[in-house]
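Only one structure is covered here, and it is reproduced in the block below.
The values are calculated or read from the model by the stated rules, or taken from the named source; none is laboratory data. Note that the structure is predicted; figures quoted are calculated from it, not measured. Because the Cβ atoms are built from the backbone with ideal geometry, glycine has one as well, and the counts that use them run over all protein chains shown.
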Amino acid sequence: MSGDHRNSGTTAGAPGVGRMPQAKLVLLGDTGVGKSSLALRFARGQFPTHCETTIGAAFLTQTVKVQGKNIKLDIWDTAGQERYHSLAPMYYRGAQAAIVVYDVNNANTFDRAVSWIDELRQQTTGNILIVLAGNKLDLASEHRAVQTEDARVFAEENGLIFAECSAKSGHAVNEMFMMIAQKMIAKQLNNTNPGQVRLNNEADSSGCRC
């Protein structure tokens, strides 16, 4: 798979016969949880040894093939610092999916993830697919602060998809993004407009059992 980095992007799919379907995906979460690292690991197969703090948002794209069909993911990596919070709606508005990231070794970041989920539910139409993702699993054997089962139960009770992953090792990162792409394609196949992906309100709490 190949990704590219651009200065600007589009929201999910404009109409057009034969146009490749695309979906807008946003990453949200507290500063330092590894949102940028997850995006780079997926789009470029890289883990940055030093990652600059995101200012506003960064944008990457990745095209993947699911069920014999290509879909382009427009990935918006938002800043987690509080001073940029007011900008977040500009990026998650119109998104088909959101990955809300927390650090499995920091309970405060999980509480912040819960706040982001509440905000998404209040500010979006309800058609958005939300993934609750615990990052930095590579450090969990010694430093875990958020238990897997506690996060999984929360996700199931709130109609979220759950995943634990590690941007550093790459564990379950591609699987998480590909699972989102699969759900986008599944919705697109039921859509009469071949260039646009839409979601309904069906909650899927089956989780990403990675």
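For the reader, a short list of remarks on this structure follows.
- Residue in segment 113-127 that is closer than 23 Å to residue 67 by Cα, out of contact with any Pro (no Cβ under 6 Å at 6 or more places or on another chain) and not hydroxyl-bearing (Ser, Thr, Tyr) present: yes
- Of all residues in segment 134-159 being touching a Gly at 6+ places or on another chain (Cβ under 8 Å) and either assigned to a strand (DSSP E or B) or among the β-branched types (Val, Ile, Thr) (or both), the one that is nearest to residue 37 (Cα to Cα): 135
- In the condition set (1) under 29 Å from residue 115 (Cα atoms); (2) modelled with pLDDT under 90; (3) assigned to a strand (DSSP E or B), residue 48 is compliant with all but (3).
- Candidate set from segment 77-115 (those that are at pLDDT 95 or above, of a type outside the set (Val, Ile, Thr) and assigned to a helix (DSSP H, G or I)); member that is farthest from residue 142 (Cα to Cα): 115
- Selection within segment 160-203 - modelled with pLDDT of 95 or more, surrounded by 15 or more Cβ atoms within 10 Å (Cβ to Cβ) and part of a loop (DSSP other than H, G, I, E, B): 160, 165, 166, 167, 168, 170, 171, 172
- Condition check for residue 128: touching a residue at least 40 places away in the same chain (Cβ under 8 Å), surrounded by 13 or more Cβ atoms within 10 Å (Cβ to Cβ), touching a strand residue (DSSP E or B) at 6+ places or on another chain (Cβ under 9 Å) and within 17 Å of residue 177 (Cβ to Cβ): yes
Yes/no matrix, rows are residues, columns are (1) crowded, with 19+ Cβ neighbours inside 10 Å; (2) touching a strand residue (DSSP E or B) at 6+ places or on another chain (Cβ under 9 Å):
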| position | (1), (2) |
| --- | --- |
| 66 | no, no |
| 71 | yes, yes |
| 112 | yes, yes |
| 121 | no, yes |
| 151 | yes, yes |
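- Being under 12 Å from the mean Cα position of the chain (by Cα) and modelled with pLDDT of 95 or more is a property that holds for residue 132.
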